[in-house]
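Remarks on the structure that follows.
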Amino acid sequence: MFCSSCGHRNEKSANYCSSCGNYIADAVEVKTASVPVVGGELDPDLGDSDSEDLESSFAFLTINLGHDSIDKYILDDTTLKVGRHPESDIFLDDVTVSRRHAEFYKNNDKYWVKDVNSLNGTYLNRERVEEAELRNADTIQIGKFKLRFWEASR
């Protein structure tokens, strides 16, 4: 079971994250990037599949929206588009976010973020970037929103 706040792997029976203390009893166990995805968000009806076909690692983004609300997005082999445009994979509704702000993608088994000519820029760990490789626990700021990148292995 992975903590939705910090991404730490915990025992299946744990109620709280052993790393950050976040309540995780109702968390969804995420096993791979081939997990069913609905509109870019994790499907809440995921089963406990023990398939031999599961990939050995996966990555996801978390966005803390306040009021104990955290959205999670799986990163797979497709490009994930972020912006204020209603058709964005990750829709961030605020004037600090450009309509087409940034993209997340995978290249050679590494994950990247790319700014797509946004007005306010894309920041990786407080530094403005045009394009950068992501590492576990990186913070990406898009407008007023802070996203966390998590990469884990099974």
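The values are calculated or read from the model by the stated rules, or taken from the named source; none is laboratory data. Just so it is clear, the structure is predicted and the values come from calculations on it, not from any experiment. Cβ coordinates were reconstructed from backbone atoms using ideal geometry, including for glycine residues, and neighbour counts include every protein chain displayed. Surface areas here come from the heavy atoms of the whole protein model, side chains and all, with no ligands, DNA or RNA. Shrake-Rupley method; radii C 1.70, N 1.55, O 1.52, S 1.80 Å.
Just a few scattered comments:
- The set of residues in segment 56-66 that are within 23 Å of Asn120 (Cβ to Cβ) and modelled with pLDDT of 90 or more comprises Leu61, Thr62, Ile63.
- Matching option when the condition is touching a His at 6+ places or on another chain (Cβ under 9 Å), under 14 Å from Ile142 (Cβ atoms) and part of a strand (DSSP E or B), among Val82, Val113: Val82
- Some residue of segment 67-81 being modelled with pLDDT under 70, farther than 14 Å from Val113 by Cα and open to solvent by less than 80 Å² (accessible area, probe 1.4 Å): no
- Within segment 94-119, the set of residues being farther than 18 Å from Thr62 by Cβ, open to solvent by 20 Å² or more (accessible area, probe 1.4 Å) and not hydroxyl-bearing (Ser, Thr, Tyr) comprises Val95, Arg99, Arg100, Asn107, Asn108, Asp109, Lys110, Lys114, Val116, Asn117, Leu119.
- Considering residues of segment 131-154 that are in contact with an Asp or Glu (Cβ under 6 Å, 6 or more places away or on another chain) and surrounded by 13 or more Cβ atoms within 10 Å (Cβ to Cβ) only, the residue farthest from Thr79 (Cα to Cα): Gly143
- Residue within segment 130-141 that is small (Gly, Ala, Ser), at pLDDT 95 or above, under 16 Å from the mean Cα position of the chain (by Cα) and within 16 Å of Lys81 (Cα to Cα) present: yes
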